[in-house]
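The values are calculated or read from the model by the stated rules, or taken from the named source; none is laboratory data. What you see is a predicted model; the values in this text were computed from it and never measured. Because the Cβ atoms are built from the backbone with ideal geometry, glycine has one as well, and the counts that use them run over all protein chains shown.
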Amino acid sequence: MTLGINRRSFLRLGMAAGAASFVPRWTFPQATQPAPPTDRLAQMRAAGATTPIKTTKLYNNIWLLQGAGGNMVVQSGKDGILLIDSSFATAVPHIREAIAAVSSDAPHALINTHWHVDHVDGNEGMHAAGFQVVAHEKTKTRLSRPSEIKLFHMSIPAYPAGAIPTLTFATSLSHKHNGDMVELVHYDPAHTDTDIYIHFQNADVLHCGDIFFNGFYPFIDEGTGGSIGGTIAAARKSLALAGDKTKVIPGHGPLGDKTALKKYTDMLSSVRDKVAALKQTGATEQEVLARKPTADLDADWANGGSPDMFVGIVYRTV
Ligand SMILES: [Zn+2]
Ligand SMILES: [Zn+2]
């Protein structure tokens, strides 16, 4: 690939990209060659069709759902079901089953954490099932037109009307729902320019979307406003909201807490500082990659893959 990464790490990066994201490696399609660019979306959707959803209870009426795409959350109650993120279109039957297994309440709203395909692709199906779609206004804009993620040679057509958010906001939205105060707040551009967090204040559950990849180097979408500095600022903003008992949900990876988010934020800062220092000396991206600035962190964060994609993003956006 253009960054000189091997096939194995490319697949891994495709996963971290929120491409097939938190699919365990062994469930990711193992072609002998990387799929042609046009097939990447189909490949991710194929994973959505076959990956089962794991449900974890977080609170009396709140559950974490983990499948092929980004982590989802369900809140149930008499005001209707709130769902955060919709994974891939092909996962919609699995999501509906997982919701039905924990609640018979009526559908109410689906909230998108940001515009990426592994968080919104099921919008149309969930909307058809009765959920209105709520997101930041730029998520609506981005889903309404074709978009691309150049790093993955991935083109995403404009979504049909049924997938487009029906209620949007610019800065924040507070909503009393099922006895909890639910806060939706836009981060300044971080992983993309559409990221929001969702905080269930009484239950003390915080969904950070792709601001937080729990346990591995993140993908940051430099093509739609993302940067390492913005991601660090957003991670710190999230950290400021978290108490010792807060359940902190990452976009990808296992359920987290304040300690895990702090460790992640420290890692981001450390890589940013090292790469920025090298860049300031005039080193090119290839030279910085060759210096392996994350060598001391890779055992904990590279997850068996290559750190090069992440270091490249840091270099280009620092
Ligand atoms: Zn994602
Ligand atoms: Zn994302």
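Which of the residues spanning region 64-109 are crowded, with 21+ Cβ neighbours inside 10 Å, in contact (Cβ under 8 Å) with a residue 40 or more places away in the chain, among the β-branched types (Val, Ile, Thr) and not in a strand (DSSP E or B)?
THR90, ILE95, listed by residue number.
Of the residues THR171, THR231, THR141, only one is surrounded by 24 or more Cβ atoms within 10 Å (Cβ to Cβ) and at pLDDT 95 or above; which? Walk me through how you get there before you give the answer.
Numbers: THR171 fails: surrounded by 24 or more Cβ atoms within 10 Å (Cβ to Cβ); THR141 fails: surrounded by 24 or more Cβ atoms within 10 Å (Cβ to Cβ).
Only one candidate qualifies: THR231.
Spot the failing condition for GLU148; the list is (1) among the acidic types (Asp, Glu); (2) outside any strand (DSSP E or B); (3) away from ligand 1 (no atom under 15 Å from the Cβ); (4) within 17 Å of the chain's Cα centre (by Cα), and only one is missed.
Of the numbered conditions (1) among the acidic types (Asp, Glu); (2) outside any strand (DSSP E or B); (3) away from ligand 1 (no atom under 15 Å from the Cβ); (4) within 17 Å of the chain's Cα centre (by Cα), the odd one out for GLU148 is (2).
More than 25 Å from ILE62 (Cβ to Cβ), in a loop (DSSP other than H, G, I, E, B) and touching a residue at least 40 places away in the same chain (Cβ under 8 Å) - does that describe any residue in region 162-169?
The answer is yes; a qualifying residue exists.
Can you tell me which residue among VAL133, VAL117 is touching a strand residue (DSSP E or B) at 6+ places or on another chain (Cβ under 6 Å), in contact (Cβ under 8 Å) with a residue 12 or more places away in the chain and either over 26 Å from TYR59 (Cα atoms) or within 16 Å of ligand 2 (Cβ to nearest atom) (or both)? Before you say what the answer is, go through the steps one by one.
On the way: VAL133 fails: either over 26 Å from TYR59 (Cα atoms) or within 16 Å of ligand 2 (Cβ to nearest atom) (or both).
None of the other options fit; the residue is VAL117.
Name every residue in region 40-63 that is crowded, with 17+ Cβ neighbours inside 10 Å and part of a helix (DSSP H, G or I), in order of residue number.
ARG40, LEU41, GLN43, MET44, ARG45, ALA46, ALA47, GLY48
Could you list, in sequence order, the residues of region 193-210 that are more than 12 Å from ligand 2 (Cβ to nearest atom), not aliphatic (A, V, I, L, M) and not in a loop (DSSP other than H, G, I, E, B)?
Hits for region 193-210 are TYR197, HIS199, PHE200, HIS207.
What's the number of the condition LEU239 fails, among (1) surrounded by fewer than 23 Cβ atoms within 10 Å (Cβ to Cβ); (2) within 16 Å of ligand 2 (Cβ to nearest atom)?
Every condition holds for LEU239 apart from (2).
Could you list all residues from region 211-267 that are in contact with an Asp or Glu (Cβ under 8 Å, 6 or more places away or on another chain), in a helix (DSSP H, G or I) and under 22 Å from ASP300 (Cβ atoms)?
ILE211, ALA234, LYS258, MET267 - these are the residues of region 211-267 that are in contact with an Asp or Glu (Cβ under 8 Å, 6 or more places away or on another chain), in a helix (DSSP H, G or I) and under 22 Å from ASP300 (Cβ atoms).
Return the residues of region 120-130 that are within 15 Å of ligand 2 (Cβ to nearest atom) and not acidic (Asp, Glu); say none if nothing qualifies.
Taking region 120-130 and keeping what is within 15 Å of ligand 2 (Cβ to nearest atom), we get 120-123.
The answer is VAL120, GLY122, ASN123.
Which residue out of GLY226, GLY215 is within 15 Å of the chain's Cα centre (by Cα) and within 9 Å of ligand 2 (Cβ to nearest atom)? Walk me through how you get there before you give the answer.
Values: GLY215 fails: within 9 Å of ligand 2 (Cβ to nearest atom).
Answer to the selection: GLY226.
Among GLN30, GLN75, which is the only one that is more than 16 Å from ligand 1 (Cβ to nearest atom) and at pLDDT below 95?
Details: GLN75 fails: at pLDDT below 95.
Exactly one residue qualifies, and that residue is GLN30.
Of all residues in region 212-261, how many are among the β-branched types (Val, Ile, Thr), within 15 Å of ligand 1 (Cβ to nearest atom) and either out of contact with any Lys or Arg (no Cβ under 8 Å at 6 or more places or on another chain) or without any contact (Cβ under 8 Å) to a residue 24 or more places away in the chain (or both)? Before you say what the answer is, go through the steps one by one.
Our first condition is that a residue be among the β-branched types (Val, Ile, Thr); within region 212-261, this holds for 220, 224, 228, 231-232, 246, 248-249, 259.
Those left that are additionally within 15 Å of ligand 1 (Cβ to nearest atom): 220, 224, 231, 249.
Next cut, either out of contact with any Lys or Arg (no Cβ under 8 Å at 6 or more places or on another chain) or without any contact (Cβ under 8 Å) to a residue 24 or more places away in the chain (or both) only: 220, 231, 249.
Qualifying residue count, region 212-261: 3.
When GLU148 is evaluated against the numbered criteria (1) in contact (Cβ under 8 Å) with a residue 60 or more places away in the chain; (2) surrounded by 17 or more Cβ atoms within 10 Å (Cβ to Cβ), which criterion, by number, is the only one it fails?
(2)
Would you confirm, using the coordinates I've provided, whether GLU148 is at pLDDT below 95 and over 15 Å from GLY162 (Cβ atoms)? Working first, answer last.
On the way: at pLDDT below 95: yes; over 15 Å from GLY162 (Cβ atoms): yes.
Yes, satisfied.
For the condition within 16 Å of ligand 1 (Cβ to nearest atom), at negative phi and in a helix (DSSP H, G or I), what is the one hit in THR139, THR113? Please lay out each step first, then the result.
Numbers: THR113 fails: in a helix (DSSP H, G or I).
It is THR139.
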